[in-house]
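Working notes for the structure below.
Just so it is clear, none of the values below were taken in a lab; they were calculated from the coordinates. What you see is a predicted model; the values in this text were computed from it and never measured. Neighbour counts are summed over all protein chains in view; Cβ atoms, including those assigned to glycine, are modelled from backbone coordinates with ideal geometry.
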Amino acid sequence: MTRTTRRSVPWRFAVPAAIAAATVGAVTFGPSAFADDSHPGLPEQTAEQLVAKVAAARADALTGTVRIDTDLGLPALPGKAGGNGPQALLSGTNKLQVALDGPDRQRIGIMSDLAEYNVIHNGRDVWTYDSRAHAVTHGTFDHGRSDVASLVPTTPQDAARQLLDLVGPTTDVRVDGTGRVAGHDVYKLRFAPKAQGSLIAAATVFVDAKTGVPLRVTVDTVKGGKPAIDIGFENVSYDKPAAGTFDFKPPAGARVEEATPNEARPEAPGTPGTPGTPAAPTGERAEPGLLGEGWATVVELPAGGEAKDATGLLGKLGKPVPGGTLINTRLLNVLGTDSGRIFVGAVDADTLQRIAAQR
Amino acid sequence: MSPTDALPKTGVLSPAFRYSADKEAFGSERPPRLRGLTRSELRLVFLRPRTAAMLGFLAFVPVMLGVALRYFHDGGSSGGGGGGGSMDFVNQVTGNGLFLVFASLAAALPFFLPMTVGVVAGDSIAGEAHAGTLRYLLVAPAGRTRLLLVKFAGVLAFCLAATLTVAVSALVVGAALFPMGDVPLLTGDTISMGEASWRALLIALCVAASLVGLAAIGLFVSTLTTVPVAAMATTVGVVIVTAILTGIPQLSAIHPWLFTDGWMSFGDLLRSPIPTDEIIRNLGVQTAYTAIFGAAAWARMTERDITT
C-alpha cells in the first residue's frame, strides 16, 4: 500500500532544527533573573563600607519570591517525595513566597507541587498551615523572644545577618565585583575563613547597591562544585505587602492545634542557613552546647529524644571512625560518639573529632 | 499540483474532503475556507465512537475519586503530612466539593489525559493515510500546510474538550457528594465560591494548554507512518518515557527541558498571591514544543510522497 522513495533529508527539516537550536540557545545563554552574569559598573566601595551598609539596611517592608538551592551531598532519603514543610528545604530546589512588614509581621510560604506550607507571624501570634494535611498550628510568643525571622533563616537577610556576626579577626572580607539579582544591581561581598579546618571555602552576599539589602547568599564548600547553599530572591519588591497578608484565619475544615509557646515555633529546618550556626535550630529546645568559635563552631546536640533518633540514623548512614560514627556531607560533618553524644559542624572530620575529644 | 482528474467517485472520502468537494472546490479556483475545513474536521474527531468512549472514560475518573473519598476515606488517616504517592487535595475534597475538580485534574493530568490526547493526535494524519483518504484530501486544493493546521486544530479542540469533561464531571460529582462553600487556598487564605469558580476555569485552561506540546509531538509522529496504531502507541510511549525520566533524580539536569515539567504549575493558581513564573514558563515550554514539532510535521508533510 505504501511506496516510499528514499532520498536525502530535505531542507525543510532545517526549520524545526533551527527553532530547537534557537530555543535551547536562548534558554541556556539568555538572561536569567536568578543567575545574571552581567557586571554593572557601580561606584567603588570598600568592604567596610559595604558591611556597614548591610548592617544599617532597613527593609521594613518587602515581598518577593525566594529560591533556595541546597546541595549538601546527602544521599536521597526515601519518602522525600511526600515531604512538605521546612524539612523539604534540606535538599534540592525550593521556592518560597516571602512577605515582611516590620519586625512583628512576617509570612513565609514554602511552595511545592500542589501544596504549600505557610508560617505566618503577626504580633504575638504564630500560625502554620500545612495544605497537604489541611492542618493548622497556632501559638503565641512570649515577649523578648518574638523574633521568628531569626529562627527560620529562609531569607537572604537572615542568612546575611548571621554572616555579619562572623566579621572579625577570623574572617577575611572583601568586595568581589558586582552583579545583578532579581533585576537589582548588587555588590558581591565575600566572607572567607582565615583558618584551616572549615568545610566552607567562602560565603558570598549579594548586596543591593541602592538599599543595602542582601538579595542573595551563596555558600561554597572547599570541595568545589556548585554552592552547597544558594538562597536568593527571584523577584523582590520593597512595597508594603497587601493589607490582610498577615491576618490569618484557619480555613474551614482544617484541623487546628494549639501549641505551647515553645512548640509554636515552626520546626526550623535542620539546614544551617549559614555558616556559624550549623544545624542550630533543631536542637534549640534543650539549648545545644556550642564549642569552638567563628567558622569552626561545633554544636553538640543535647542527649535525649532527638539525639537518640539521630543515633539510629547515624548507624545506617555513617561510616565508623575511631571513637564513633561519622556522616560526611559537603557542608557538614556529623559525629556520633560511642558514648551517645552527637557533634555537628561545618568543619572537616579531623577538627570535629579533635573538638569532640576535648569534651 | 492539483490533479483534479484523479478525483474519486464516492464513498471513500473523509468528511473534510466531502465538505470541500461539495461546497467550494468544485467549479471554483478558490481553495476551501479554513473555517469550513475545521468544522468538518471537528465533526470527524467528535462524532467518532472512540472519542465518545474516551470522553466517557475521562468523565468517570472524578466519579471514582469522589465515591472513593466519600465512602471509603477515613478522615485523618493521611493527616500526617501525606506519604509519597497519596492523592493531592484529599483532605480538602471532603470539606469542599469544588476541590474534586482540582483533585481530578491533578489525578488525570499525568496519564489519563495524555493517553487520550496521544490517541487522537497519533490518529490525525496516519488515520487518514491508513484509510486511504489522505491523498484525496490533498487532491482538493486545500494544501498540505492548511490540512496540517486543520488537523492540529482538531487535536487542540480535543485537548480542551477532554479537560473540560474531567472538570465538569468533577464539579457535578463534587456538588452531589460533598458540601460546597468558600474555598480554602493552599496558602490558608479563603476565597469566595465565585472567585474559586473563575480560578477553576483558569486551571482547566491551564491543564488543556499543558497538553498542547504533546499534541504537537503526536501530530509529528502521525506524519511519519501510515499505521495509526503505531503513531498512537509511540505518542503514549513518549509520555511514559518522559514520566520515567522525571522519576530519576540523577537526571534532574534535563528535567526542566521536558514538556511535562511544568504540568503541575496549575496549582499556583490556588495560591495567594498567584506566582505566575512557573505558569508562564510552562506555557513557554508548550509553545516551544509546538513550534519545533509543528515545524517538523510541516517539513515531513510537505516533503513526503503521499500514496495512500
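Peptide packing: for B:237-245, B:172-180, the average count of neighbouring Cβ atoms within 10 Å per residue gives the ranking B:172-180, B:237-245, highest mean first. Students often get this wrong: which residues of region A:174-212 have the backbone nitrogen under 18 Å from the point 7 angstrom along Cα-to-C-beta of A:Thr46? The answer is A:174-177, A:188-191. Residue by residue along A:22-29, Cβ atoms of other protein chains within 10 Å of the local Cβ number 3 on average. The simple spin-label model puts a point 7 Å past each Cα toward its Cβ; for A:Ala14 and A:Thr93 those points are separated by 3.4 nm. Mean per-residue shielding of peptide A:135-141 is 1, counting Cβ atoms of other chains within 10 Å of each Cβ. The B:Phe72 and B:Ile191 beta-carbon pair, evaluated with R₀ = 35 Å, returns a calculated FRET efficiency of approximately 0.75. When the P(r) is computed for region A:47-258, the part past 22 Å accounts for 53% of the Cα-Cα pairs. Remark on A:Ser112: its backbone amide H falls under 5 Å from those of A:Tyr117, a criterion applied only to residues 5 or more positions apart or on other chains, H modelled at 1.01 Å from N. Just to verify a number: FRET efficiency for A:Lys194 and B:Met64, C-beta to C-beta distance, R0 = 60 Å, to 0.05? With R0 = 60 Å, the Cβ-Cβ based efficiency is 0.40. Listing B:Trp298, A:Trp11 from fewest to most neighbouring C-beta atoms within 10 Å gives A:Trp11, B:Trp298. Sequentially through region B:283-289, phi angles give Karplus couplings (6.51, -1.76, 1.60; θ = phi - 60°) of 4, x, 4, 4, 4, 4, 4 Hz, Gly and Pro residues having no value and appearing as x. This ranking places A:Arg216, A:Arg132, A:Arg124 by how few other beta-carbon atoms lie within 10 Å of each, fewest first, which gives A:Arg124, A:Arg132, A:Arg216. Pairs spanning more than 30 Å between alpha-carbon atoms, out of A:Lys53/A:Lys249; A:Lys53/A:Lys240; A:Lys95/A:Lys240; A:Lys226/A:Lys249: A:Lys53/A:Lys249; A:Lys226/A:Lys249.
In terms of surrounding Cβ atoms within a 10 Å radius of their Cβ, A:His121, A:His138 rank from fewest to most as A:His138, A:His121.
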